[in-house]
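J.: A single structure is presented below for examination.
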Amino acid sequence: MLTLAADIEVLARFGRALADPIRCRILLALRAAPAHPADLADALEISRTRLSNHLACLRDCGLVVAVPVGRRTRYELADERLGHALDDLRTAVVAVEADKTCADADQKGCC
C-alpha cells in the first residue's frame, strides 16, 4: 500500500509531466498507441532532439517506458491506467471564473 508521501510524490511527478504542452501531446499520442520516437517526432512536428528530451523527462517521472523492438525502441505508457487518468483529466470540469485569478498570480506566475 502506498503511503501518503508516496501518493504526493506520484501526483507531483504527474504534475511535472503535464506542466509542458509537448509532454501532454506525447502522453496523449502514446495513450492512443505505442510509437517509435521518429514517428512521434513527425506526428507532433517537433525535432527528434526536443522529443528525446521530453521522453527522458517522462521516463524519469515513471509515466512512459522504452521497449526494445529489434534495433529500435518503442515508447508506451508505463501503465494502461495512465490512459484512463488522462481521459479523466481531459474531461474533468475545471471551474474558473473568467475575470478572476489568484490574488498573487503575478508574483507566483500562475493562473
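The values are calculated or read from the model by the stated rules, or taken from the named source; none is laboratory data. Quantities reported herein were computed from a predicted structural model and do not represent experimental measurements. Cβ sites come from the backbone with ideal geometry, for glycine too, and all protein chains shown count toward neighbours. We work out accessible area using only protein heavy atoms, side chains counted, and drop any ligands, DNA or RNA first. Shrake-Rupley method; radii C 1.70, N 1.55, O 1.52, S 1.80 Å.
J.: For residue 40, work out the one condition from (1) of a type outside the set (Lys, Arg); (2) touching a residue at least 24 places away in the same chain (Cβ under 8 Å); (3) loosely packed, with under 10 Cβ neighbours inside 10 Å it doesn't fulfil.
T.: (3)
J.: Report whether or not residue 50 is open to solvent by 40 Å² or more (accessible area, probe 1.4 Å) and within 11 Å of the chain's Cα centre (by Cα). First the steps, then the outcome.
T.: Details: open to solvent by 40 Å² or more (accessible area, probe 1.4 Å): yes; within 11 Å of the chain's Cα centre (by Cα): no.
Here the answer is no, as residue 50 does not meet what is asked.
J.: Can you find a residue that is among the basic types (Lys, Arg), open to solvent by 50 Å² or more (accessible area, probe 1.4 Å) and at pLDDT 95 or above anywhere in the stretch 92-100?
T.: Filtering the stretch 92-100 down to residues among the basic types (Lys, Arg) leaves 100.
From what's left, open to solvent by 50 Å² or more (accessible area, probe 1.4 Å): 100.
Restricting the remaining residues to those that are at pLDDT 95 or above gives none.
For the stretch 92-100, residues among the basic types (Lys, Arg), open to solvent by 50 Å² or more (accessible area, probe 1.4 Å) and at pLDDT 95 or above: absent.
J.: What number goes with the only condition from (1) open to solvent by less than 60 Å² (accessible area, probe 1.4 Å); (2) over 24 Å from residue 10 (Cβ atoms) that residue 63 does not pass?
T.: (2) is the only condition that residue 63 fails.
J.: Examine the stretch 62-76 for a residue that is among the acidic types (Asp, Glu) and within 21 Å of residue 6 (Cβ to Cβ), and state whether such a residue exists.
T.: No, every residue in the stretch 62-76 fails to be among the acidic types (Asp, Glu) and within 21 Å of residue 6 (Cβ to Cβ).
J.: Pairs needed: first member in the stretch 26-37, on the phi < 0 side of the Ramachandran plot and open to solvent by 20 Å² or more (accessible area, probe 1.4 Å); second member anywhere, part of a helix (DSSP H, G or I) and of a type in the set (D, E, K, R); C-beta distance under 7 Å; at least 6 residues apart or different chains.
T.: Taking only residues 6 or more apart or on different chains, the pairs are 37/48.
J.: All but one of (1) modelled with pLDDT under 85; (2) in contact with a Cys (Cβ under 9 Å, 6 or more places away or on another chain) hold for residue 1; which doesn't?
T.: For residue 1, the exception is condition (2).
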